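Take a look at the structure set out below.
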Number of protein chains: 2
Amino acid sequence: MKQKQNTLYVASLAKGLRLLQAFDERHTDLSLLELAQRSGLDKSATQRLANTLHMEGMLDKDPDTRRFRPSHAWLELAYAYYWSDPLVGQAIPKLIDLAQDLGETVNLTELSGDHIIYVSRLPCKRTYFAATIIGRRLPALSTSAGRAMLSTFPEAERAAAVENWPIKKFTPSTTTDRAKIRDSIEQAVVDGFAISTGQMILNEVGIATPIIGHGGRAFAAVQCSVSAHTYTREKIETEILPKLQDTANAISPSFQQQRGNGISLQGGA
Amino acid sequence: MKQKQNTLYVASLAKGLRLLQAFDERHTDLSLLELAQRSGLDKSATQRLANTLHMEGMLDKDPDTRRFRPSHAWLELAYAYYWSDPLVGQAIPKLIDLAQDLGETVNLTELSGDHIIYVSRLPCKRTYFAATIIGRRLPALSTSAGRAMLSTFPEAERAAAVENWPIKKFTPSTTTDRAKIRDSIEQAVVDGFAISTGQMILNEVGIATPIIGHGGRAFAAVQCSVSAHTYTREKIETEILPKLQDTANAISPSFQQQRGNGISLQGGA
DNA sequence: TATTGTGTATCATAATATGATATGCGGTCA
DNA sequence: TGACCGCATATCATATTATGATACACAATA
């Protein structure tokens, strides 16, 4: 295992973290060997590290199948995160009101490097599972929320992001043409909001308004997802947008701190 | 640092985890020295471990104040947890419907040792912050959800739990008399649901129905919190309870796996 | 300017993690 | 039934890796 430079880096800890990150939507429970394969560690190391994580309550272990799974401790970490994020406390009451008012699913998203992450979600209607749980990361360029945030950035940064940030194709109608994405963002600069259709799921419309923070830049957005079957563009602009913008504007002034732009805060390479 | 037995336990990893667990509702961001104090590690160890966590993206670091904070990665872990918990996928759609139907806050809780933990929350009205975020752990005996789950346990285990499990006083009206808690649970055995008043917050009423799992035992519950000012006991029993029970019953049959009773799954001591 | 409380960097030492190897255990197939 | 296979678990000598005392840097305060 490569030592990342030296003496200020505890490799064992990093390896242990790699084990945690081996779990995702497609890998919900893992055997020892699977864990070893997914983490790239050898059998012995995996054994010791997984055992340690189990002892410390970070991994559950099925006594019959001997397979490991995320433990409740993972939710406790999320709990601690929420208290530490100054935006969440300000936003949640207003988001609750908004969701009840609209009767549609409302999300709070933050910028995390070149992705957005769902920090808080208030589902009001049944949808697919991934749309109901927090912590999901998506390429910023492919989401209404990401485009809304980017629209508050200086022109040069917007251009750089459009050019370099990753894109992923989720549906046949996901936009992979960066020129079109640029247009969408530039439109958001004018409008103050962003709309995207069918980027993640067919016939799903996302509407997002930026939460303006430090220096006029937005690192968060209020987002709403509705069905294209029940909402026309006009209906969205008259019924949803004003309330969405009011909510974002109401959150903005009470939130002064910058966070999570992924350049200054994150270390490593 | 004591080596927990030997050779199958990586102390550095455990120490790193202790650093993560140093963050909670009262400690949202920590300096290096605070981190050292709260984790019980010396300055050098803390420095190396915190630096590693930062490099790996598990801790954000404010470039000005040099203080550490939980990173978005903590939410990603929660995301992975949700996929791994077989109950959540079954429950969420039904909980959404329930919350919309009732217009009141609905929670999904699971048993985690002798505590309950909020796994999913669907707030419909403004409340205090801690009631809106997932991952909160509370002593099972002090909650309607915990009592509802316990009511499905064999008599001997119920008795043992009432006697030994922890209690914490949150409000002046939190019940600390274990005899009364026993009565409350025995009543739930008969009724099939549990109600508690003012345990966490004054004038807050909690109503919970167990989600029956493996072998008739419940390790999860559907819970609803309402204000005693707007709901009488009768109103709760007629308007809320039937729907709550329907939801719990609808989830139960589709959920066969046992999880998280905290005895068989957790290791260590 | 001196001082205190921080964060950061360095380094010799030994304690700690390493990973090859061996054992145990439960299935599956002939 | 017996041999086999896959996987989890245990062991142990080795040197790689973490250790923590110490020294330095920097900012805020007095």
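Counting residues that are not hydrophobic (A, V, I, L, M, F, W, C), which strands (runs of 3 or more DSSP E) fully inside the range B:130-236 reach at least 3?
Filter on the range B:130-236 gives B:204-212, B:218-227.
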TODO: Filter the range A:100-116 down to residues that are surrounded by 24 or more Cβ atoms within 10 Å (Cβ to Cβ) and at the interface with another protein chain (Cβ under 9 Å from one of its Cβ atoms), then give me how many there are.
DONE: 2
- [ ] Tell me the helices (runs of 4 or more DSSP H) entirely within the range B:1-107 that contain at least 2 residues that are in contact with a strand residue (DSSP E or B) (Cβ under 8 Å, 6 or more places away or on another chain) and within 16 Å of DNA strand C (Cβ to nearest atom).
- [x] B:32-39, B:43-55
Open item on the list: Let me spell it out: the conditions are (1) more than 11 Å from DNA strand D (Cβ to nearest atom); (2) at the interface with another protein chain (Cβ under 10 Å from one of its Cβ atoms); (3) free of Cβ contacts under 8 Å to residues at least 60 places away in the same chain, and B:L32 meets all of them except one. Which number is the exception?
Closed with: (2)
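Just checking, which of B:F153, B:F129 is open to solvent by 10 Å² or more (accessible area, probe 1.4 Å), within 14 Å of another protein chain (Cβ to nearest Cβ) and modelled with pLDDT of 95 or more?
On inspection, the qualifying residue turns out to be B:F129.
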Open item on the list: Name the single residue that is nearest to B:I117 (Cα to Cα) among those in the range A:63-84 being open to solvent by 20 Å² or more (accessible area, probe 1.4 Å) and more than 7 Å from every other protein chain (Cβ to nearest Cβ).
Closed with: A:R67
- [ ] Hey, could you check the range A:46-61 for residues that are within 10 Å of DNA strand D (Cβ to nearest atom) and more than 7 Å from chain B (Cβ to nearest Cβ) and say which is nearest to the chain's Cα centre (by Cα)?
- [x] A:A50
TODO: Given the conditions (1) closer than 30 Å to B:Q245 by Cβ; (2) more than 10 Å from chain A (Cβ to nearest Cβ); (3) in contact with a helix residue (DSSP H, G or I) (Cβ under 7 Å, 6 or more places away or on another chain), report the number of the one that B:V119 does not fulfil.
DONE: (2)
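The values are calculated or read from the model by the stated rules, or taken from the named source; none is laboratory data. What you see is a predicted model; the values in this text were computed from it and never measured. A quick note on method: Cβ atoms are made from the backbone with ideal geometry, for glycine too, and the neighbour counts reach across all protein chains shown. With ligands, DNA and RNA removed, areas are computed over all heavy atoms of the protein, side chains included. Shrake-Rupley method; radii C 1.70, N 1.55, O 1.52, S 1.80 Å.
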